[in-house]
Amino acid sequence: MASAILDRIRLPRMSGNISETSLVSTKGSGKTVILDCLNIKCKDRANKEDSKFRYMIYDANQTVVSDTSLIEHGTFPEPTPSGNIYEAVADLKFYERLGIKWRRVPFFELPGEDVRRMIGIVKQAEEQDAFKGEQILSSDELKALYEKILSASSFIIPVSVPRTLAQTNNSIPGLEHEPKGVSTDPDVNAHAIIQNIFEFKMENDLLLPNAIIILLTKYDVCKEWLEVSRKLPLVEKDGTPVRKNVLDFMRIYLSQTNSALQFFDIKKLIVIPVWVWADPNNPKKILIDSKTQRPFYNHRGYDMLIDTLRDIG
Ligand SMILES: Nc1nc2c(ncn2[C@@H]2O[C@H](COP(=O)(O)OP(=O)(O)OP(=O)(O)O)[C@@H](O)[C@H]2O)c(=O)[nH]1
Ligand SMILES: [Mg+2]
């Protein structure tokens, strides 16, 4: 297992809080794309003339940096190989009237199959078989990782919108190949992750998380169906979440996760739909804006994510 970037790299001394945020979810939920889009948003925000924001990413294996470049050239990154952990530390500096807010956000991203082993919900025989022959983490390594990830003070949990809708709707175009069943049901998995987080905190007498950010990923795939057929738009034209509809979506389609989240008195519970536009003719490719040379993605959602990271520090 790659050693921790925090142990290996001497990071600049900072003033202010270090807030650790773990990005954790099961296979194919969109974690890697989120990290890359956040990287794009942060550097573009910092590069703006007269910007009051500064940004630096320390990337253990240059994976986030190189995957970001891949996305900017219109290709989705490869699945994170089992046994690998992506580690990066993002330093975000906000120049505000009352001084500088400096947030250091170590991100840990590990592939979905290892998360599933970690949260102990690999029950299906066929999934067990899928692990055969793969290089996976030993139980001790997994336990160490589990503790590190769950020790964070805040969590980003991506949940795929198409996979969520595919569990109950057979007629939505584009969802034909989404896996169905208990082991890949996002509601079951997100519920298990949340239960694990809170159990770990309580067992170890740790403070409960100060924020949980649910990112509803791949919204582009179901945007039209939700907005036109279902009359449940999750975002305004500019990408701002429609709060009431997002809450309805959670109550209807992620009902177990939602009720678990309501149970714990979380200081900040934020739900943001996010996406990059895949090419309708080739879902493995990303549509690029030729003027900016950036993918078409929802800027507003990522700005909100950055602002949330600033506010929870
Ligand atoms: N249309 C669309 N597809 C997406 C989006 N984000 C991710 N995808 C697709 O989903 C796949 C998986 O996304 P990743 O970000 O690699 O998912 P992950 O959670 O990192 O997956 P593992 O590393 O395998 O656990 C990508 O290869 C794309 O095909 C999105 O916003 N829109
Ligand atoms: Mg990944």
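Remarks
- Residues that are away from ligand 1 (no atom under 15 Å from the Cβ) and part of a helix (DSSP H, G or I), drawn from segment 29-66: 42, 43, 44, 45, 46, 47, 65
- Boolean, residue 300 is crowded, with 16+ Cβ neighbours inside 10 Å and more than 19 Å from the chain's Cα centre (by Cα): no
- Leading residue by the ranking (farthest from residue 256 (Cα to Cα)) among those in segment 214-244 that are in contact with a helix residue (DSSP H, G or I) (Cβ under 6 Å, 6 or more places away or on another chain) and among the β-branched types (Val, Ile, Thr): 240
Residue by residue, here is whether (1) within 20 Å of residue 69 (Cβ to Cβ); (2) modelled with pLDDT of 95 or more; (3) surrounded by fewer than 16 Cβ atoms within 10 Å (Cβ to Cβ); (4) basic (Lys, Arg) holds:
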{"position": "266", "(1), (2), (3), (4)": "no, no, no, no"}
{"position": "270", "(1), (2), (3), (4)": "no, yes, no, no"}
{"position": "273", "(1), (2), (3), (4)": "no, yes, no, no"}
{"position": "286", "(1), (2), (3), (4)": "yes, yes, no, no"}
{"position": "291", "(1), (2), (3), (4)": "yes, no, yes, yes"}
{"position": "313", "(1), (2), (3), (4)": "no, no, no, no"}
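- The listed residue being modelled with pLDDT of 95 or more, closer than 21 Å to residue 158 by Cβ and not in a loop (DSSP other than H, G, I, E, B), out of 226, 232: 226
- Residue check for residue 72: of a type in the set (D, E, K, R), farther than 18 Å from residue 293 by Cβ and surrounded by fewer than 19 Cβ atoms within 10 Å (Cβ to Cβ): no
- Residues in segment 252-289 that are assigned to a loop (DSSP other than H, G, I, E, B) and touching a residue at least 12 places away in the same chain (Cβ under 8 Å): 254, 264, 265, 266, 267, 274, 275, 277, 287.
So that you can scan it fast, the table gives a plain yes or no per residue for (1) modelled with pLDDT under 75; (2) surrounded by fewer than 19 Cβ atoms within 10 Å (Cβ to Cβ); (3) β-branched (Val, Ile, Thr); (4) within 16 Å of ligand 2 (Cβ to nearest atom):
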{"residue": "103", "(1), (2), (3), (4)": "no, no, no, no"}
{"residue": "113", "(1), (2), (3), (4)": "yes, no, no, yes"}
{"residue": "120", "(1), (2), (3), (4)": "yes, yes, no, no"}
{"residue": "141", "(1), (2), (3), (4)": "yes, yes, no, no"}
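- Across segment 189-221, the number of residues qualifying as over 15 Å from the mean Cα position of the chain (by Cα), closer than 23 Å to residue 298 by Cα and among the aliphatic types (A, V, I, L, M) comes to 1.
The values are calculated or read from the model by the stated rules, or taken from the named source; none is laboratory data. Please read these numbers as outputs of a predicted model, since none were measured by experiment. Every residue, glycine among them, receives a Cβ derived from its backbone with ideal geometry; neighbour counts consider all protein chains shown.
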